[in-house]
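Asks: There's a structure below that I have some questions on.
The values are calculated or read from the model by the stated rules, or taken from the named source; none is laboratory data. Just so it is clear, the structure is predicted and the values come from calculations on it, not from any experiment. Please note: Cβ atoms are built from the backbone with ideal geometry, for glycine as well, and neighbour counts cover all protein chains shown. Accessible surface is based on the protein model in full, side chains and every heavy atom, while ligands, DNA and RNA are left aside. Shrake-Rupley method; radii C 1.70, N 1.55, O 1.52, S 1.80 Å.
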Amino acid sequence: MKLHKTITMAAVLATATTAMANNLDPNNPSGTVVDRFADIEVLRYVVHGFEELTLNQKKFIYYLTEAALQGRDILWDQNGKYNLPLRQLLETVYVNYDGDKNSEEFKAFEKYLKQVEFGNGAYHHYSMDKFVPGFSAEWLEQQLKNLSDKNIYKVDANQLRPVLSLIFDPKFMPKRVNQAAGEDLILTSACNLYENISQPEVEAYYAALKDTTDLTPISYGLNSRLVKTPDGVIMEEVYRLGGYYSAAIERIIDNLEKAKKYAESPQQAAVIDELIKFYTTGDLKLFDSYSILWTEDTDSQVDFINGFIESYGDPLGMTGSWESIVNFRDETASNRTRVLASNAQWFESNSPVDPRFRKPEVKGVSAKVINAAILAGDSYPATPIGINLPNANWIRAAHGSKSVTIENITRAYDDASHGNGFNEEFVIDEPTRELLDKYLFITDNLHTDLHECLGHGSGRLLPGVDPDALKAHGSTLEETRADLFALYYLADPKLIEMGLLDNPDAYKAEYYKYMLNGLMTQLMRIELGKDVEEAHMRNRKLIAEWVLEHGAADNVVQLIKLDDKTFVKINDYNKLRDLFGQLLGEIQRIKSEGDYAAGEALVEKYAVKVNPELHNEVLARYATLDIAPYKGFVNPVYTAVDANGNPTDNESEIADIKVTYTEDYIPQMLRYSRDYSPLTK
Ligand code: ZN
């Protein structure tokens, strides 16, 4: 259950830098803005290199993308028990609406629909707060009455009541994942992973299951919903064929069976078989054996994840949110990560941490650069740009892990990001802006590579230390550790020696941007008066605030005022690197020793509380730029065609898979709801 999905700097900067890119080259729609609403911008990404794949590979990808799309409803339901009826209601009203589409109420309704589609439910994907509708309950009830009068749509009052409360009552299930200290995180979180049960009861249930002497511990709770029945019995409802989410899992399995025929090797077919067995039985031991087979298949060009993987959606970090990404290796760009991975031991042995906390032997860090072919479940429409799996610590230790950077996504961000005034507003001077223009894309990608393929895999726990000892702060501190590892090494002459950078000052671009983001600009994602909550944001703030304070005596980094505006000024990049190294040593100690108190103290002192004056200033300056703080993507459309180029459902006739980039945001969502909704029929 470690947290390895990363929204790293490229995403954040790209967030910060988008022009209206609708006039991009139609033959290369990468980065095109498809839709814009609330705090969201939806972009297109392009599957570079798809046409060059073999027909077998294309068919393989085609059926894997079908398996990916069939899981959509699972994630919606995990995100909240009324999300699926909410979606059905909103989409039905939207599709059948025949009133004035320029009215304020309808426009507000449309915006809310778009937000809900983006959040895979009623909650913001990042802040976890419930969306606030700009239309009235009376207006919606009138629309429902119209539909009912025309016999288009009737909904039972008992079913309707909670959905209306979800939309209109701010006190009803207000937050998807609550992380506020001191509260019962289960009872105050709206996610549908628990029912009628308190946090102490959940913790006691899993504590009783856990065998702390097991060297290959099962990831308890990963694929189940924990409920307490009215007569007080606590039981797991397991996600499996014939169990919870069976109808969706059945369709996923069907498509995995079809895909399997086109696997690139018997080993890869065995991976799929194991996954199917896991879906069929729900047996978490099979998930582990699947994960091992998957980790060890590093030869296949096409690869995918499909399942209950990351646990950010669970306040206790147990249950995996359903997701899928289908992808294939970008052979040229993968050279970068190959070089890093083959030097993994050097990085480990030279890291600025106590040698007792280093791994004496770093195992199988496989890293590659990929192009995503489809994003689904918890990776859609908002998506990570780097992933490192599997999450089970013991599998990582014994079998290594696979680390990827999703290059066509980072490229889409970059393509969308030219010239919108962000750097002019927030970067201190012209030389620094030039540095960023020149070196930020490559150093940002390298930062992601280092974070994913070396950072998370580095270090070790002292014997007997519970891997979950850092509890609620575990994910923040783990991301902090991986980021610091990346930052520290980004400035190392070794990268130039290895041919990954060509200028000893290049790293300064990432350093500047990291400090700017951690101290100031990431605050644009937070509402005034609120604290920083999300793990990656906390980690960046922790690092930036800590080095600001600890470098103060030497004047390493300053926040200065120019014309009443605050700027980050870095005076000594060498000392800044030393500070990153020092903090890495301390965070690694905290993890290796399981020092919860020290971890908590760091998070609470540096990562959470926002300076309201600075926050206000950032929001005000940011507002003048009209940039969406969050981005996501529409998927391309894959069509199986016969020898004449006509669409076909007949597998034996398939002569090619065509990919197109013309579908818009809401049409894509409506099509998915129509064609891939096994849990709402
Ligand atoms: Zn990470």
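Asks: Cα-Cα pairs above 19 Å in the stretch 80-174: how many percent?
Replies: Details: 1594 of 4465 pairs.
Tail fraction, whole percent: 36.
Asks: Summarise the accessible area of the chain (1.4 Å probe, protein heavy atoms) by the percent that is carbon and sulfur.
Replies: Details: 13000 of 25820 Å².
Within the chain, the accessible surface is 50 percent carbon and sulfur.
Asks: Using r as the Cβ-Cβ distance of Asp254 and Glu663, and R0 as 22 Å, what FRET efficiency do you calculate, to the nearest 0.05? Walk me through the numbers before you get to the answer.
Replies: Working: r = 24 Å, r/R0 = 1.08.
The pair Asp254/Glu663 has a calculated efficiency of 0.40.
Asks: Rounded to the nearest 0.05, what FRET efficiency do Arg671 and Leu55 have when you use their Cβ-Cβ distance and R0 = 35 Å? Display every interim value, and only then the final one.
Replies: Details: r = 25 Å, r/R0 = 0.72.
Approximately 0.90, to the nearest 0.05.
Asks: If you count only protein heavy atoms with a 1.4 Å probe, what accessible area per residue comes out for the chain, rounded to a whole Å²?
Replies: Numbers: 25820 Å² over 681 residues.
About 38 Å² of surface per residue is accessible.
Asks: Which loop-located GluC sites (Glu not before Pro) does the stretch 473-582 contain, where loop means any DSSP state but H, G, I, E or B and the Cβ has at most 15 other Cβ atoms within 10 Å?
Replies: Working: sites: Glu478, Glu479, Glu497, Glu510, Glu527, Glu533, Glu534, Glu545, Glu549; in loops: Glu527, Glu533, Glu534.
Within the stretch 473-582, the qualifying GluC sites (Glu not before Pro) (loop, at most 15 other Cβ atoms within 10 Å) are Glu527.
Asks: What order, most packed first, do the peptides 253-260, 164-171 have when packing is the mean number of other Cβ atoms within 10 Å of each residue?
Replies: Details: 253-260: 18.8, 164-171: 15.4.
Highest-to-lowest ranking by the protection proxy: 253-260, 164-171.
Asks: How far, in nm, would the chain grow between Asn158 and Lys565 when pulled straight, counting 0.36 nm per residue and subtracting the alpha carbon separation?
Replies: Details: separation 407, 0.36 × 407 = 146.52 nm, distance 5.40 nm.
Separation in residues times 0.36 nm, less the Cα-Cα distance, equals 141.1 nm.
Asks: Put a dot 7 Å past each Cα toward the Cβ at Lys277 and Asp656; how far apart are the dots in nm?
Replies: Here the answer is 4.0 nm between the modelled labels.
Asks: Could you give the length gained by full extension between Ala247 and Ser198, i.e. 0.36 nm per residue of separation minus their alpha carbon distance, to one decimal place? Please list the in-between numbers first.
Replies: Numbers: separation 49, 0.36 × 49 = 17.64 nm, distance 2.88 nm.
Length difference between fully extended and current span is 14.8 nm.
Asks: Please sort by residue number the trypsin sites (Lys or Arg not before Pro) in the stretch 484-569 whose DSSP state is loop and whose Cβ has at most 15 other Cβ atoms within 10 Å. Don't skip to the answer; put the middle values down first.
Replies: Values: sites: Lys494, Lys508, Lys513, Arg525, Lys530, Arg538, Arg540, Lys541, Lys561, Lys565, Lys569; in loops: Lys530.
In loop regions of the stretch 484-569 (DSSP not H, G, I, E or B), the sparsely surrounded trypsin sites (Lys or Arg not before Pro) are Lys530.
Asks: List the chymotrypsin sites (Phe, Trp or Tyr not before Pro) within the stretch 410-493 that DSSP assigns to loop and that have no more than 10 neighbouring Cβ atoms inside 10 Å.
Replies: Numbers: sites: Tyr413, Phe422, Phe426, Tyr439, Phe441, Phe485, Tyr488, Tyr489; in loops: none.
Qualifying residues, ordered by number: none.
Asks: I'd like the per residue volume of the convex hull spanned by the Cα atoms of the chain, given in cubic angstrom.
Replies: Working: hull volume 109.7 nm³, N = 681.
So the per-residue Cα hull volume is 161 Å³.
Asks: Go ahead and estimate [θ] at 222 nm for the chain from helices alone: -39,500 (n - 2.57) per DSSP H run with n ≥ 4, summed, over the residue count, rounded to 500. Spell out each step's value before the answer.
Replies: Working: 25 runs with 299 residues, N = 681.
Counting only the DSSP helices, I get -13500 deg cm²/dmol.
Asks: Sticking with this one: For the stretch 80-174, what does the relative contact order come out to in percent, with C-alpha contacts under 8 Å and a separation of six or more?
Replies: On the way: 81 pairs, mean separation 28.3, N = 95.
Relative contact order of the stretch 80-174: 30 percent.
Asks: Let me check against my output: what whole-number percent is the relative contact order of the chain, with C-alpha pairs under 8 Å and at least 6 apart?
Replies: Answer for the chain is 20 percent.
Asks: When the chain is fully extended, how far beyond the present Cα-Cα distance does Asn555 get from Ile234, taking 0.36 nm per residue of separation? Walk me through the numbers before you get to the answer.
Replies: Working: separation 321, 0.36 × 321 = 115.56 nm, distance 5.67 nm.
Roughly 109.9 nm would be gained on extension.
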